[in-house]
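For reference, the structure discussed in these notes is given below.
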Amino acid sequence: METQTGKKFAILDLGKFEGLDQFVFEAPEVKIKREGKVFLKDLLNLSGAEISINKLPAYESIPFYHTHRQNEEIYIFLSGTGEFQIDGEIFPVGEGSIVRVDPAGERCWRNCGETDLYCVVIQVKAGSYQDRTIQDGMAVRKRVTWS
Ligand code: ZN
């Protein structure tokens, strides 16, 4: 896996999501080691968000709750069947489910199905988003070509 960078971009190919097991997230200070999780901030040199791609095997649960100090999280579920828990409330999740959690929300999620559960987690500083997409974007007056 290599990141291709240019002056104004970075491109990464993680390969098929089923191969996410090759990535291991370790946080020894809290005794966490998990296969199937890759963070993109350093790989892509992200400057305003942390994003992780996650694979949770059949019938497994994240074995801990966690909160954040200042970042909210958005979980975008891509496939599989699971449950999401926030402060003791439990919700079903699967392909198309999107969950936003306040920094202080105690969260956990688990796979309730026979197939892998995949989700993308975006972490951004709560309250940091200033300009709406359409106000920040600027049209480039140039004809589109692909040659
Ligand atoms: Zn988190």
Go from 0 up to the bin containing the longest alpha carbon distance in segment 1-60, width 10 Å each, and give me the % of pairs per bin. 20, 47, 27, 6, 0
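Which net charge results for the neighbourhood of residue 43, defined as the other residues with beta-carbon distances under 15 angstrom from its beta-carbon, given Lys and Arg at +1 and Asp and Glu at -1? Let's see the in-between values first.
Values: positive: 37, 41; negative: 2, 13, 42, 50.
That sum, taken over residues with Cβ under 15 Å, equals -2.
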Relative contact order [Cα under 8 Å, 6+ residues apart], segment 36-129, whole percent: 38
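How large is the accessible surface per residue of the chain, computed with a 1.4 Å probe and reported in Å² as a whole number? It would help to have the intermediate numbers written out before the result.
Numbers: 10740 Å² over 147 residues.
Result: 73 Å² per residue.
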Give, rounded to the nearest 20 debye, the magnitude of the charge dipole that segment 36-129 has about its Cα centre when Lys and Arg contribute +1 at Cβ and Asp and Glu contribute -1 at Cβ. 300
Per the 1.4 Å probe, what fraction of the accessible area of segment 36-129, in percent, lies on carbon and sulfur atoms? 50
Pairs 7/41; 8/37; 33/125: which are spaced more than 20 Å apart, C-alpha to C-alpha? 8/37; 33/125
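Suppose R0 equals 41 Å. What FRET efficiency, 1/(1 + (r/R0)^6) with r the Cβ-Cβ distance, do residue 65 and residue 8 give to the nearest 0.05?
Details: r = 39 Å, r/R0 = 0.96.
It comes to 0.55.
The values are calculated or read from the model by the stated rules, or taken from the named source; none is laboratory data. Because the structure is a prediction, the values reported are computed rather than measured. Here the Cβ is made from the backbone with ideal geometry for all residues, glycine too, and neighbour counts use every protein chain on show. Protein only, heavy atoms only, side chains kept; ligands, DNA and RNA dropped before computing areas. Shrake-Rupley method; radii C 1.70, N 1.55, O 1.52, S 1.80 Å.
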